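The values are calculated or read from the model by the stated rules, or taken from the named source; none is laboratory data. Remember, it's a predicted structure, so these values are computed and weren't measured experimentally. As a convention, Cβ positions derive from the backbone with ideal geometry for all residues, glycine included, and neighbour counts pool all protein chains shown.
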Amino acid sequence: MGCRVLLADDHQIVREGLRALLEKVGHVVVGEAADGRQACALARKLQPNIAVLDLSMPLRNGLDSIREIQRVSPGTKAILLTMYTDRPYVLQAMQAGARGYVLKSQAAQDLLRAIQEVLRGAVYLSPGVAGLLVDAYRQRNDEPELLTAREREVLQLIGEGKTTKAIAGVIGVSFKTAESHRSRVMKKLDIHETAGLVRYAIRRGLLRP
């Protein structure tokens with residue numbers, strides 16, 4: 001049985017391929033987004049059954065997009081489609097509320113299986129990822145989350161090279177408020193130069209390396 005799907009990936013060619021794959025088996029792609037903020041807006045408007053999101057997207061990463069989609073469209077189940085196999089990313093995805101974690105390197109059938117499993121209420125992990133998740137919960141050596149959702153958003157925008165003025169425009173606050181967010185991020189992380197913030201954002205999966 002088909003379902004209503006939202007696709008979010010900043011590469012148009014990827015979205016086109018996914019649309020063709022999903023529509024071939026009877027799913028309906030109700031919307032496409034090229035960045036995380038657009039994905040959240042479309043989820044609010046369209047209320048899809050499934051949202052398939054890339055982990056690293058401009059303006060708002062996949063993890064924070066999942067958290068926001070859960071808020072604005074509680075009935076939508078999120079599946080991350082990503083190239084990242086690192087243990088911290090898998091753990092963070094599950095903590096954010098992802099119901100599926102699918103590797104882009106796997107066959108297309110893997111995504112279709114993930115959608116089936118997630119629709120029936122299960123959690124789906126690509127082969128090879130499940131073991132990483134078990135190890136992560138056993139060891140629990142991952143860095144604790146120090147930042148709020150808004151501060152993570154600001155950190156990502158800093159990493160994307162946006163000025164404080166540009167950040168204020170993107171998140172809809174005053175220059176002074178954006179500057180305050182930036183200062184709190186630096187203070188909490190004890191990182192006081194942009195290059196260090198970029199490295200941290202990459203390590204936390206907010207930016208592509």
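Region 101-209 holds helices (runs of 4 or more DSSP H) entirely within its bounds, and those carrying 3 or more residues that are closer than 25 Å to P74 by Cβ and either under 20 Å from the mean Cα position of the chain (by Cα) or modelled with pLDDT of 85 or more (or both) map to 108-119, 149-159. When region 1-13 is filtered for residues that are in contact (Cβ under 8 Å) with a residue 24 or more places away in the chain and over 18 Å from L42 (Cα atoms), the ones remaining, listed by number, are M1, G2. If you go through region 38-58 and pick out every residue that is under 16 Å from Y124 (Cβ atoms) and not β-branched (V, I, T), you end up with 4. The set of residues from region 49-100 being part of a loop (DSSP other than H, G, I, E, B) and among the small types (G, A, S) comprises S56, S73, G75, G97, A98. Among the residues of region 190-199, those identified as within 11 Å of I158 (Cα to Cα) and either β-branched (V, I, T) or crowded, with 20+ Cβ neighbours inside 10 Å (or both) are T194, L197, V198.
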